[in-house]
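For reference, the structure discussed in these notes is given below.
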Ligand SMILES: Cc1cc2nc3c(=O)[nH]c(=O)nc-3n(C[C@H](O)[C@H](O)[C@H](O)COP(=O)(O)O)c2cc1C
């Protein structure tokens, strides 16, 4: 049995703008309806969590302009406000929202996530990212972004501080003794007086601990520095690497890092990003994949814009018919993704690399009817030794239905996916197997 999550890759943003099956985007912008429908569908399906991506920029690295992003609806609303609305229509699924440690004051984040833990009845998670674009840093008043590995040192300390705040109320501190007029026992609530290299805070938190006390921590950094922060702090790791061998290497490497941090390999569930191509039959699914690939090969702009965003380098300046230049050590963005692209590209031209990759975001291509896809997913997880998959498909009601009402039942029939939730708390469900 493995875990399932869904990655909302444009956060609380716009999906499928001007494409088939995107619904009424114009009326839906900034509205929660699609995401509420998604939450109820994925809970019906037995998903562990939804993971809401976030960033603070209108990407403008591609062609040095805002134009591509704004023509294509690359906008994001604040995910934090969406969390209680999704919790209000569900009762078991976990809801993870992204916070950039580099910009979020730790005290505000600790307080916000404790509050969200109450409002979700113990189902909130925090996706820890360091953010990558210089523009994001500039939106928060910095001249440019911090250097890649330094950001992870900051994130590590940020998590230590936030954790200390969550622990500033000892268990049993909340007394609620009306007869003796004691709300909380002040001897069990302590200042933290945290003074680190980057952050300082006095504490204690002026917020009653939530049902989980500590929200589920999610982490996505794939570089050695990112994986180390995950190994120290995360309950779930979301990973994107190309190919089954790289997936296996990732899980094995995380196990070793977890042990080095005094934890068990099973203490962090590693979910791999995939965008399965589903249809009624295997043949239909193959035709659908070919059609999707043809559309992507006919227009490389979205792929180039995406790579520009993640790498921080303008891919419109690279020759499509030449091999990818050596980008080693040049990106201050998502370094492991650049390294993965370089490895996959090898001596191929950029056009050929993008053509080969043109099949949706994900670590491995999975295509077929719900039953075939379920079988493939089972085999992949068995080999990789990982803990599950994170669906990265476009958030449309059609895709949600294919996964929630087609794939999930097929997985369940094979005993690969949960048939219910044994706890009301997100972390307990995640740690159940
Ligand atoms: C599934 C997944 C989800 C991610 N979500 C976010 C996000 O919401 N916001 C963000 O700034 N970065 C996000 N990232 C990027 C990571 O935080 C990280 O920068 C990237 O995986 C590269 O890791 P590295 O910088 O350690 O090389 C995500 C990455 C993956 C694989």
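The values are calculated or read from the model by the stated rules, or taken from the named source; none is laboratory data. Every value quoted in this text rests on a predicted model; they were computed, and no experiment measured them. Ideal geometry is used to build each Cβ from the backbone, glycine not excepted, and the neighbour counts take in all protein chains shown.
Yes or no: residue 352 modelled with pLDDT under 95, farther than 23 Å from residue 270 by Cβ and part of a helix (DSSP H, G or I)?
Details: modelled with pLDDT under 95: yes; farther than 23 Å from residue 270 by Cβ: yes; part of a helix (DSSP H, G or I): yes.
Spelling it out, residue 352 is indeed modelled with pLDDT under 95, farther than 23 Å from residue 270 by Cβ and part of a helix (DSSP H, G or I).
Can you name the residue in the range 306-327 that is out of contact with any strand residue (DSSP E or B) (no Cβ under 9 Å at 6 or more places or on another chain) and away from the ligand (no atom under 16 Å from the Cβ) and, of all such residues, is nearest to residue 365 (Cα to Cα)? Full working, then the answer.
Residues of the range 306-327 that are out of contact with any strand residue (DSSP E or B) (no Cβ under 9 Å at 6 or more places or on another chain), as a first pass: 306-318, 325-327.
Remaining after also requiring away from the ligand (no atom under 16 Å from the Cβ): 314-318, 325-326.
Values: 314: 27, 315: 24, 316: 26, 317: 29, 318: 26, 325: 26, 326: 26 Å.
So, considering only residues that are out of contact with any strand residue (DSSP E or B) (no Cβ under 9 Å at 6 or more places or on another chain) and away from the ligand (no atom under 16 Å from the Cβ), the one nearest to residue 365 (Cα to Cα) is 315.
How many residues does the range 184-198 contain that are part of a loop (DSSP other than H, G, I, E, B) and either in the same structural domain as residue 8 (by TED's automatic domain parsing) or touching a strand residue (DSSP E or B) at 6+ places or on another chain (Cβ under 7 Å) (or both)? Steps first, answer last, please.
Just the residues of the range 184-198 that are part of a loop (DSSP other than H, G, I, E, B), to begin with: 185, 190-193, 196-198.
Subset that is either in the same structural domain as residue 8 (by TED's automatic domain parsing) or touching a strand residue (DSSP E or B) at 6+ places or on another chain (Cβ under 7 Å) (or both): 185, 192.
Selection size over the range 184-198: 2.
Within the range 324-340, identify whether any single residue is in a loop (DSSP other than H, G, I, E, B), under 30 Å from residue 402 (Cβ atoms) and not assigned by TED's automatic domain parsing to the domain that holds residue 426, and answer yes or no. Working first, answer last.
Pass one, the range 324-340, residues in a loop (DSSP other than H, G, I, E, B): 324-334.
Filter again for under 30 Å from residue 402 (Cβ atoms), leaving 334.
Restricting the remaining residues to those that are not assigned by TED's automatic domain parsing to the domain that holds residue 426 gives 334.
Among the residues of the range 324-340, at least one is in a loop (DSSP other than H, G, I, E, B), under 30 Å from residue 402 (Cβ atoms) and not assigned by TED's automatic domain parsing to the domain that holds residue 426, which makes the answer yes.
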Residue in the range 165-180 that is more than 16 Å from the ligand (Cβ to nearest atom), surrounded by fewer than 18 Cβ atoms within 10 Å (Cβ to Cβ), outside the structural domain of residue 114 (by TED's automatic domain parsing) and part of a helix (DSSP H, G or I) present
no
Exactly one of 392, 388, 378 is within 16 Å of the ligand (Cβ to nearest atom), at pLDDT 95 or above and farther than 16 Å from residue 289 by Cβ, and that residue is 388
Which of (1) more than 13 Å from the ligand (Cβ to nearest atom); (2) surrounded by fewer than 19 Cβ atoms within 10 Å (Cβ to Cβ); (3) touching a residue at least 12 places away in the same chain (Cβ under 8 Å) is the odd one out, the single condition residue 245 does not satisfy?
(3)
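Please go through the range 410-427 and give me each residue that is part of a helix (DSSP H, G or I) and surrounded by 14 or more Cβ atoms within 10 Å (Cβ to Cβ), ordered by number. Can you show your working first?
First, pick out the residues of the range 410-427 that are part of a helix (DSSP H, G or I): 410-413, 426-427.
Once the filter is applied, which keeps residues that are part of a helix (DSSP H, G or I) and surrounded by 14 or more Cβ atoms within 10 Å (Cβ to Cβ), the range 410-427 yields 410, 411, 412, 426, 427.
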Helices (runs of 4 or more DSSP H) enclosed by the range 13-125 - at least 1 residues per element that are within 16 Å of the ligand (Cβ to nearest atom):
33-45, 67-71, 79-88, 106-119
Which residues, taken from the range 17-42, are crowded, with 18+ Cβ neighbours inside 10 Å and out of contact with any strand residue (DSSP E or B) (no Cβ under 9 Å at 6 or more places or on another chain)?
22, 34, 41
Looking at the structure I just gave you, is residue 155 within 16 Å of the ligand (Cβ to nearest atom), surrounded by 15 or more Cβ atoms within 10 Å (Cβ to Cβ) and in a helix (DSSP H, G or I)?
yes
Hey, can you tell me all the residues within the range 140-152 that are under 18 Å from residue 61 (Cα atoms) and surrounded by 15 or more Cβ atoms within 10 Å (Cβ to Cβ)?
145, 146, 148
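Run down 63, 19 and say which single residue is in contact with a helix residue (DSSP H, G or I) (Cβ under 6 Å, 6 or more places away or on another chain) and assigned by TED's automatic domain parsing to the domain that holds residue 396. Break it down stepwise before answering.
Working: 19 fails: in contact with a helix residue (DSSP H, G or I) (Cβ under 6 Å, 6 or more places away or on another chain).
The match here is 63.
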Conditions: (1) crowded, with 24+ Cβ neighbours inside 10 Å; (2) at pLDDT below 95. Residue 135 meets all but one. Number of the miss?
(1)
